[in-house]
Amino acid sequence: MAHFNYHSLDELKADIHALGLDDKIPLDDDFSVFSKPLKINEKFTVPRRFAVHPMEGFDSDADGKPGELAFRRYARYARGGFGLIWFEATAVLHEARSNPSQFWLHEGSWETFAKLLADTKKLARETNGFEPLCVIQLTHSGRYSRPEGAPKPIIAHHSLYLDPIHKLPPDYPLVTDDYLDRLQDTYVQAAKLAQKAGFDGIDLKGCHRYLMSELLASHTREGKYGGSLENRTRLMRETLAKIKAACPGLLLTTRMNIYDALPYPYGFAMQKDGSREPDLNETNWLIACLKEIGIPIVNLTIANPYYEPYYGRPFDVPIIGAPDAPEHPLQGVARFIDIVGKVQKANPDLPVIGTGYTWLRQYLPYAAAATLKLGKAAMIGLGRGAFAYPDTPNDVINKGAMDPNKCCVTCSRCTQIMRDGEHTGCVIRDAATYSKPYQAAKEHALARLKG
Ligand SMILES: Cc1cc2nc3c(=O)[nH]c(=O)nc-3n(C[C@H](O)[C@H](O)[C@H](O)COP(=O)(O)O)c2cc1C
């Protein structure tokens, strides 16, 4: 399979052209667009068009409080010059954690979040002369809950594609409507704590097939949270409306899947012909509801990282034991940039944050600048790229270039660590901190595969 192997922009352009992707991966060398402020609403304007995507580091203590490595990660982002820092998936209940070291926001932990946030803003202000907008992602891990380390799935529907991964029997119980009703209030409590901690906004995580995202796809579920589009989106819509009433002034948003890339009836926003093709009518219907609630920005992503991850995070090397991608990574990059552009074009009044640029390494600013200029996204987010190279915004804006030796090489090692229960970060570019956890994760993965 093809790997990143470009020594000039022209070499990259040649491959883009050979694959017939010129219109899907536009390139532009005018980087001035990154420092054009973006007005999000009456209260918030972000000074730069680069965002850190939420990236779990799994470095909280048992009680969910961000630990030393978390403070280090956010300090790196703060220094790097991002206009928006989207704090990682933070569980709203212990049972909702995807890992015993996932952030967990509750009465006993919010003050540590307040300190993490204050430190991040202060360092950014001192280093760059501005404060980034700070949003925290609130989550229930649902099918991927592992609060004590072992899987404890909480599922909204049975899935032909996802149940076999955890060997779930056909009679494995579904989460009840009562639980989901109560969960609405749990999210409201968490949003209040996030506001008390000083966050500018909260993200009701609706992506990557965690619980809220699985509900969006619960065609086969009965009752008020399943079946019709109205029912499937109920948890998100009703909870956002409740938070709006309970937390005046708090920016509300979601990181949502544009589509799941899991065939109907097991995916959100899918064509009904059993293909992997999206039906953007569902996506745009939900976005219309979000706009009505007053959501001023959305962060867009796709698919499920546990199932065919090449859709959502194009890579050179898969995690241990996983198959290689059946396509050139540039096709994944192109699909991602293109579909975000379609949603942005359909909703020109709502700024959207795009994903999928990291694989392009030092050439990502060219694709990002063109995307912004063409109105195919309003901001560009970096996930693995921010782990590896948190100084990306400052280097692009102040020096006009990224250093190839600092870029993420999409080796999937950060994902491997995440799956195998250690603290995660960039194993290649931040090796002194993360090569040890990677070795432990690797041994664990190999033992797991041996059975
Ligand atoms: C280690 C790791 C942790 C992640 N944590 C989160 C998370 O907390 N919330 C989320 O929405 N996405 C999460 N993601 C997905 C990224 O935000 C991003 O969508 C993905 O890596 C693709 O973007 P990229 O190509 O810039 O890396 C994570 C990805 C990785 C590899």
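Every number in this text was worked out from the coordinates using simple rules, so none of it is lab data. Everything quoted here is computed from the prediction, not taken from an experiment. Don't worry about glycine lacking a Cβ; one is built from the backbone with ideal geometry, like all the others, and counts go over all protein chains shown.
At a glance:
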{"item": "Rough spin-label spacing in nm, given labels placed 7 Å along Cα→Cβ, for ALA346 and TYR161", "result": "1.8"}
{"item": "All aspartates and glutamates inside 17 Å of LYS13 as judged from Cα atoms, apart from same-chain residues fewer than 8 positions distant", "result": "ASP22, ASP23, ASP28, ASP29, ASP30, ASP338"}
{"item": "Global geometry of segment 371-413, whether rounded, prolate or oblate, following the gyration tensor of its Cα atoms and the 1.5 cut on a/c", "result": "oblate"}
{"item": "Burial ordering of MET256, MET212, MET1, MET402, fewest other beta-carbon atoms within 10 Å first", "result": "MET1, MET402, MET212, MET256"}
{"item": "Three-way shape label, segment 322-418, alpha-carbon gyration tensor, a/c 1.5", "result": "oblate"}
{"item": "FRET efficiency for LYS450 and ASP324, using Cβ-Cβ distance with R0 set to 22 Å, rounded to 0.05", "result": "0.60"}
{"item": "Backbone N within segment 202-240 under 15 Å of label point (7 Å from LYS272 Cα along the Cβ vector)", "result": "219-220, 227-230"}
{"item": "Spatial separation of Cα centroids for segment 272-308 and segment 1-75, in angstrom", "result": "20"}
{"item": "Sum of side-chain charges, HIS444 neighbourhood, beta-carbon under 15 Å (Lys, Arg +1; Asp, Glu -1)", "result": "+4"}
{"item": "Efficiency of FRET between SER228 and HIS94 - r from beta-carbon atoms, R0 22 angstrom, step 0.05", "result": "0.10"}
{"item": "DSSP-defined beta bridges in the chain - what % are antiparallel, rounded to 5", "result": "15"}
{"item": "Helix-only [θ]222 nm of the chain, DSSP H runs n ≥ 4, -39500 (n - 2.57) each, per residue, nearest 500", "result": "-11000 deg cm²/dmol"}
{"item": "Cα centroid separation, segment 151-221 to segment 309-326 (Å)", "result": "25"}
{"item": "Added length on full extension, which subtracts the Cα-Cα distance from 0.36 nm per residue, LYS242 to ALA62", "result": "61.9 nm"}
{"item": "Cross-link pairs beyond the 29 Å C-alpha cut-off, checked among LYS244/LYS373; LYS39/LYS121; LYS65/LYS122; LYS152/LYS376", "result": "LYS244/LYS373; LYS152/LYS376"}
{"item": "Alpha-carbon Debye profile of the chain, log10 I(q)/I(0) at 0.07, 0.12 Å⁻¹", "result": "-0.30, -0.99"}
{"item": "Potential extension, ARG125-ASN5 segment - 0.36 nm per residue separation minus Cα distance", "result": "39.5 nm"}
{"item": "Pairwise centroid distance, computed over Cα atoms, of segment 411-451 with segment 85-109, Å", "result": "21"}
{"item": "ASP15/TYR307 FRET efficiency (R0 41 Å; Cβ-Cβ; nearest 0.05)", "result": "0.90"}
